[in-house]
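Notes follow once the structure below has been shown.
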Amino acid sequence: MSDFESNGSVLIELLDRARNGDDGARDELFDRCRNYVSLLARVHIESWLQAKVDPSDLVQQTLLEAYRGMGGFQGQSEGEWLAWLKQILKNNVTDYIRRYKGTAKRRIQREVPIEAPRHGSSLFRMDPSDPGETPSQLVMQHENEIQLAEAVSRLDEDYQEVILLRNVQRLSFNEVAERMDRSRPAAQMLWLRALKKLKVHLQDVEGA
């Protein structure tokens with residue numbers, strides 16, 4: 001059984017137990033998904049809104065709504081569960097943005113779409129300029145989004161940011177450098193170091 005299938009089966013087992021009234025399983029289910037939702041929240045809070053919205057507030061609200069509304073979830077697979085969480089988060093992000101006028105409304109269309117996960121897909125995208133079996137390809141081909149989110153959460157803040165900007169929001173290195181107030185070469189070097197560290201953390205997560 002692959003890591004993706006193994007982790008997925010754990011989530012579904014926890015979901016089934018939670019549906020049968022196991023409060024401990026419900027708490028563990030949401031604990032396993034917290035870093036995943038946190039990653040999504042960071043992706044969808046653009047820099048222009050960060051001063052007004054704390055991503056942790058979105059995470060807390062999303063998980064609370066999912067916790068309370070779990071009885072309405074009708075899916076059976078991990079993909080359906082993650083898509084359901086994404087939709088709740090998307091609705092909350094939209095509500096937050098609607099509270100602001102002018103720039104916020106105009107820039108909502110620039111957000112990265114929240115897509116339903118599929119087997120073999122990922123929040124992360126392989127860098128098209130990557131020529132071979134490098135840390136970028138090895139990491140970005142990883143199929144388990146929950147494990148990826150857990151590994152990313154273990155990185156230093158700068159490493160997290162450069163990976164989110166480059167591999168999740170898919171910005172050019174010029175844009176990444178501008179966002180992070182660095183030169184392009186410095187941003188590229190930071191990205192490569194972040195990927196190498198992420199690969200190490202992924203191995204730790206898989207072995208846990």
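Structure notes:
- In segment 102-118, the count of residues that are over 21 Å from L148 (Cα atoms), part of a loop (DSSP other than H, G, I, E, B), among the basic types (K, R) and at pLDDT below 90 is zero.
- Scanning segment 58-73 for residues that are modelled with pLDDT of 90 or more, out of contact with any Ser or Thr (no Cβ under 6 Å at 6 or more places or on another chain) and either surrounded by 12 or more Cβ atoms within 10 Å (Cβ to Cβ) or farther than 21 Å from D23 by Cβ (or both) gives Q60, Q61, T62, L63, L64, E65, A66, Y67, M70, F73.
- For R170, the conditions (1) in contact (Cβ under 8 Å) with a residue 24 or more places away in the chain; (2) outside any loop (DSSP other than H, G, I, E, B) all hold with the exception of (2).
- Every pair of residues 6+ apart whose Cβ atoms lie under 6 Å, when the first sits in segment 184-205 and is more than 16 Å from N167 (Cβ to Cβ) and part of a helix (DSSP H, G or I) while the second is charged (D, E, K, R) and at pLDDT below 90: V205/E150
- Condition check for I88: modelled with pLDDT under 85 and part of a helix (DSSP H, G or I): no
- Selection count, segment 131-167, where residues are at pLDDT 90 or above and outside any helix (DSSP H, G or I): 3
- One residue stands out in segment 32-57 among those that are modelled with pLDDT under 90 and of a type in the set (D, E, K, R): the one that is farthest from the chain's Cα centre (by Cα), namely K52.
The values are calculated or read from the model by the stated rules, or taken from the named source; none is laboratory data. Note that the structure is predicted; figures quoted are calculated from it, not measured. Note that we place each Cβ from the backbone using ideal geometry, even for glycine, and neighbour counts take in every protein chain shown.
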